[in-house]
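Every read-out reported here was derived from the displayed coordinates using simple, explicitly stated rules and does not represent laboratory data. All figures in this text were calculated on a predicted structure; none of them were measured in a lab. FYI the Cβ positions are ideal-geometry reconstructions off the backbone, even for glycines, and counts take in every protein chain you see.
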Amino acid sequence: MIALGKALLLTGDPGVGKTVALLKAIEKIRAEGFRVGGFVSREVRVRGIRIGFRIQDLSKGSEGWLAHVDHPQGPRIGKYRVNLKDLDQIGTAALEDALSNPEIHLVAVDEVGPMELFSESFKDAVKRIIESPKPLIGTVHKRAQGPFVEDLRRSPKVEVLEVTYGNRDLIPDQVTIRVLSWLRRESRKDTSRL
């Protein structure tokens, strides 16, 4: 069961299907009438070659570049430059909105990884969500390092599930069942207060 302020993060090797599993869980949770805020990221390929990553606000639909091979400035990760402006104005803003908006029941973040960790406001938003009553589901890069990620993984409020090729089709249902249980319990509490 997800406890107050609980976060459920998916990790696994690159390309294993963490984001796909997260999106399937979000779709199932939305189908039950709950609103999900936050953001997801997707790789962008041109003629089979990855050129970057887009981020999308889940509640407003706004999009931007998280990183791109031709972005002129920003921290470099491999062949990409991180677009800190779009990360903060779209990604972090989506997290802030999801945290403060009482009509959003669940926050999603895809992902906590090396690119996102360049933003102090992103890290601050994730910390505040974990300390809040709202549940968080998301992904965390398997090889992400540093004090922020280590604290996240060690937190008693955070559970990390590993996605593998063997279990990736089961993960969306597992996440959905746990999150819906928490959301329904909170919904009953709110009704009883009326």
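With all projection directions averaged, the alpha carbon convex hull of the range 1-99 covers 7.8 nm². The mean sequence separation of alpha-carbon pairs under 8 Å and at least six residues apart, normalised by the residue count of the chain, gives a relative contact order of 33 percent. SER132 sits among other residues whose Cβ lies under 11 Å from its own Cβ, and their net charge, with Lys and Arg +1 and Asp and Glu -1, is +4. Working note: Karplus 6.51/-1.76/1.60 with θ = phi - 60° gives the range 134-143 the couplings 6, x, 10, 10, x, 10, 10, 4, 4, 9 Hz, where Gly and Pro are set to x. Projection of the Cα convex hull of the range 7-193, averaged over all directions and equal to a quarter of that hull's surface, yields 10.8 nm². Here LYS28 is the anchor, and the aspartates and glutamates within straight C-alpha reach of less than 16 Å, apart from those fewer than 8 places off in the same chain, are ASP169, ASP173.
Report the antiparallel proportion of the DSSP beta bridges in the chain as a percent, rounded to a multiple of 5.
Working: 17 of 35 bridges.
Within the chain, antiparallel bridges account for around 50 percent of the total.
A helix-only calculation puts the chain at -10500 deg cm²/dmol for mean residue ellipticity at 222 nm, using -39500 (n - 2.57) for each DSSP H run of at least four residues, averaged over all residues.
When you count, for each residue, the other Cβ atoms within 10 Å and take the mean per peptide, how do 151-157, 33-39 rank with the highest first?
Values: 151-157: 13.7, 33-39: 20.7.
So the peptides 151-157, 33-39, ranked by packing, come out 33-39, 151-157.
In sequence order, the range 35-45 has phi-based couplings of 9, 10, x, x, 8, 10, 10, 9, 6, 10, 10 Hz under the Karplus curve 6.51 cos²θ - 1.76 cosθ + 1.60, θ = phi - 60°, and Gly or Pro positions carry x.
In sequence order, the range 85-90 has phi-based couplings of 4, 5, 4, 6, 6, 10 Hz under the Karplus curve 6.51 cos²θ - 1.76 cosθ + 1.60, θ = phi - 60°, and Gly or Pro positions carry x.
Across the range 53-144, counting alpha-carbon atoms alone, Rg and Dmax equal 12.9, 40 Å. In the structure shown, the pairs LYS6/LYS142; LYS79/LYS157; LYS60/LYS85; LYS6/LYS123; LYS85/LYS127 are assessed against 23 Å; a Cα-Cα span above that value is assigned to LYS79/LYS157.
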